[in-house]
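The structure appears right after this line, and notes come after that.
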Amino acid sequence: MSKNCCPATVIGIGAIVIMIACAVTGSAKRTDDVVVMKNGDRMTGEIKKLQRGELTFKASYMAEAVDLDWSNVARLESQDPYLISFTTGYQIAEHFRLVDTDEDNFQIGPNGVLKIRQMDVLRILPIETKFWKQLEGSIGIGLNYTSGNDQYQAELFATATYRRGDHAITGSLDSSFSGQTQGTKTARNQFDFDYRRRISPRWFAGGLFGLLRSDQQSLDLRVTGGGLIGRSLAQTERTRLSTVAGLAVNREKYRVFPAQKWATNVDAIGGLEFTTFRFSRTNLTSHVFVFPSVTTPGRVRTQIKSDLNYKIAKDFWWGFHLYENFDSKPPIKADKNDLGVSASISWKF
């Protein structure tokens, strides 16, 4: 094993790879669903999901599923129940149909007892008992090379989310390696695990667990665990914004000589999460977390992750990946900031 690779990274890679591998496997369901577009096109096949304003649908004559603009779908019919989420935060497992006769054209339950606007539907997912059918996420790589000084940078990042009813579990990995062929090499490895449970249409609670190793900041390993509560501030078919707050405990060890002992810290948590997307064009996701120290007054840490992606082909995106870890008062003489930006290619599932 490379000296730049810690056990935490191996665990993170293993967890993400298993989740992604499972995501490409699945079982078939009925294929007599009907979709009619506003231009009159009609298809019979299988509703895969509705997500990020895209209805994924596959007919028997298609080699691969297609993504349809949800705002241009006129009618939709299925004999299967689905898990339906709304922009209000509510969700229900029920049969549905989309009609083109009145304003509240999305009808839910027997004889359409509940009627709402089509664009108030945020997500439609199959009700599956198998783990891998509930997964969504992405995996990407970024590469940069400068011939003038023989410098290179490589980055691997991945995320996978499992949703089940009111529960959501997300695992993410972010690893980067940089250096020169005849010079110094540095590495950064981060793994985050996040659990959320919806407790009301707008409120959720959960916990987080994180592992971070950064050569640039001389950080041998930081282990963070905590609880949080959050609220959805805005949720539409194209944009989502939420805020979180909580408390965390971390254990950290820096790479110094003589060897430093593990130190324990208590931090408050504050954060913003923002996502916006446009059909088959762009996707922007940003997470900003601030950790003001309770045990060390004046010390504030921040963690930022941001991805801007442009769709280039079926499930493949080109974009920019940014990460930053900042520490206003590190316990040793070390860099306060670890920042990286890379061009990337990613695959979404």
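The values are calculated or read from the model by the stated rules, or taken from the named source; none is laboratory data. Computed from a predicted structure; not experimentally measured. All Cβ positions, glycine included, derive from the backbone under ideal geometry; neighbour counts span all protein chains shown.
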Quickly run through segment 69-83 and pick out the residues that are touching a Lys or Arg at 6+ places or on another chain (Cβ under 7 Å) and either closer than 12 Å to Val36 by Cα or in the same structural domain as Arg238 (by TED's automatic domain parsing) (or both).
Asn72, Ala74, Leu76, Glu77
Failed item, numbered, when Ser280 is tested on (1) in contact (Cβ under 8 Å) with a residue 24 or more places away in the chain; (2) surrounded by fewer than 17 Cβ atoms within 10 Å (Cβ to Cβ); (3) closer than 18 Å to Ser214 by Cα:
(3)
Within 23 Å of Ala168 (Cβ to Cβ) and not hydrophobic (A, V, I, L, M, F, W, C), is that true of Thr101?
no
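So that you can scan it fast, the table gives a plain yes or no per residue for (1) at pLDDT below 95; (2) within 17 Å of Phe291 (Cα to Cα); (3) touching a Phe, Trp or Tyr at 6+ places or on another chain (Cβ under 6 Å); (4) surrounded by 20 or more Cβ atoms within 10 Å (Cβ to Cβ):
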position: Ser175; (1), (2), (3), (4): yes, no, no, yes
position: Gln182; (1), (2), (3), (4): yes, no, no, no
position: Asp215; (1), (2), (3), (4): yes, no, no, yes
position: Gly227; (1), (2), (3), (4): no, yes, no, no
position: Ser232; (1), (2), (3), (4): yes, no, no, no
position: Val244; (1), (2), (3), (4): no, yes, no, yes
position: Val249; (1), (2), (3), (4): no, yes, no, no
position: Ala259; (1), (2), (3), (4): yes, no, no, no
For segment 297-315, which residues satisfy the criterion of being free of Cβ contacts under 8 Å to residues at least 60 places away in the same chain and surrounded by fewer than 15 Cβ atoms within 10 Å (Cβ to Cβ)?
Pro297, Gly298, Tyr310, Ile312, Ala313, Asp315
Under 6 Å between Cβ atoms, at least 6 apart or on separate chains: pull out the pairs that start in segment 181-210 with a residue that is of a type in the set (Ser, Thr, Tyr) and end on any residue that is surrounded by fewer than 17 Cβ atoms within 10 Å (Cβ to Cβ) and assigned to a loop (DSSP other than H, G, I, E, B).
Thr181/Asp150
Phe291 - would you say it is touching a helix residue (DSSP H, G or I) at 6+ places or on another chain (Cβ under 9 Å), surrounded by 16 or more Cβ atoms within 10 Å (Cβ to Cβ) and either more than 29 Å from Trp318 (Cα to Cα) or touching a residue at least 12 places away in the same chain (Cβ under 8 Å) (or both)?
no
Taking the criterion of being exposed (fewer than 15 other Cβ atoms within 10 Å of the Cβ) and either basic (Lys, Arg) or closer than 17 Å to Leu173 by Cβ (or both), would at least one residue in segment 331-340 satisfy it?
yes
Of everything in segment 122-135 that's more than 23 Å from Glu237 (Cα to Cα) and outside any loop (DSSP other than H, G, I, E, B), which residue is modelled with the highest pLDDT?
Trp132
